[in-house]
Amino acid sequence: MKKRIIPALLVTAFIFASVCCNAQASSEEAAVKDVIARLFKAMELGDSAMLRSTFHDHVTLGTVFSDKNGNTVLRNESSIAEFAKAVGTPHKEVWHEEIWDVKVQLDDNFAQVWCDYAFYIDKNFSHCGVDAFHLLKSKDGWKIFHLADTRRKAGCNVPKEIAEKYK
């Protein structure tokens, strides 16, 4: 009888640990996605304070694109202060960044997020590309410490339901 109980207990413990760890990972993944959603909501609202709350104090920003001659360019973006100022400076247009195919990877207090995006100014398509975020979890929760993106105007496979929103 004892010989049957031990394997059953081991299987039960393994199942419990798997469910527990998956639930915790799902919770952390949701928290990471929430930070990114708040960033885009801040851009939409023109709320620089909300935007700043999504970033760590030490952050780097970069963009990869092709120039008019087809050469690959890496542009280190201005500081987070400049980005927050651009978002918070009153402008008539509403900035919408729509994302899809979001992939989150987690390891302890580090997260990486990769997603496709399309950027609209009011109802007008501006550009598309990929966003790549690196986040860390501190006592203040998840914060973005690195954001890189690609930008292009052509070759964008924007999902139909997103494109329809901006017609």
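Miscellaneous remarks
- With viscosity 1.567 mPa s and temperature 4 °C, the Kirkwood radius over alpha carbon pairs of the chain converts through Stokes-Einstein to a diffusion coefficient of 71 µm²/s.
- Ordered by the count of other Cβ atoms within 10 Å of each Cβ, fewest first, F125, F83 give F125, F83.
- Fully extending the segment from E77 to S53, taken as 0.36 nm per residue of separation minus the present Cα-Cα distance, adds 6.8 nm.
- The aspartates and glutamates whose alpha-carbon is closer than 13 Å to the alpha-carbon of K153, local same-chain residues fewer than 8 away aside, are D67.
- Nearest-20 debye value, segment 36-167 charge dipole, Cβ charges on Lys, Arg, Asp, Glu: 240 debye
- Label-point separation in nm, K68 to K85, each point 7 Å along Cα→Cβ: 2.7 nm
- Whole-Hz Karplus values for segment 115-131 come out as 8, 7, 8, 9, 10, 10, 10, 6, 9, 9, 4, 10, 6, 9, x, 10, 9 Hz, taken residue by residue from phi with 6.51 cos²θ - 1.76 cosθ + 1.60 and θ = phi - 60°; glycine and proline positions read x.
- Only aspartates and glutamates eight or more places from K167 in sequence, or on another chain, were considered; those with a Cα closer than 12 Å are D122.
- Environment charge of F65, counting only residues whose C-beta is closer than 11 Å and scoring Lys/Arg +1, Asp/Glu -1: +3
- Length released on extending from F145 to W114, taking residue separation times 0.36 nm less the Cα-Cα span: 9.7 nm
- Comparing G141, G46, G70 in a Gaussian network model of the chain (Cα springs below 10 Å), the most mobile by mean-square fluctuation is G70.
- Between R38 and D122, full extension at 0.36 nm per residue minus the direct alpha carbon distance yields a gain of 28.4 nm.
- For the residue pairs K41/K92; K41/K123; K123/K143; K33/K139, the C-alpha atoms sit more than 22 angstrom apart in K123/K143.
- Taking all Cα pairs closer than 8 Å and separated by 6 or more residues, the relative contact order of the chain comes to 20 percent.
Any read-out appearing in this document is the output of simple, stated calculations on the displayed coordinates, not a laboratory observation. Source: prediction; values computed, not measured. Glycine gets a Cβ as well: all are built from the backbone with ideal geometry, and neighbour counts include every protein chain shown.
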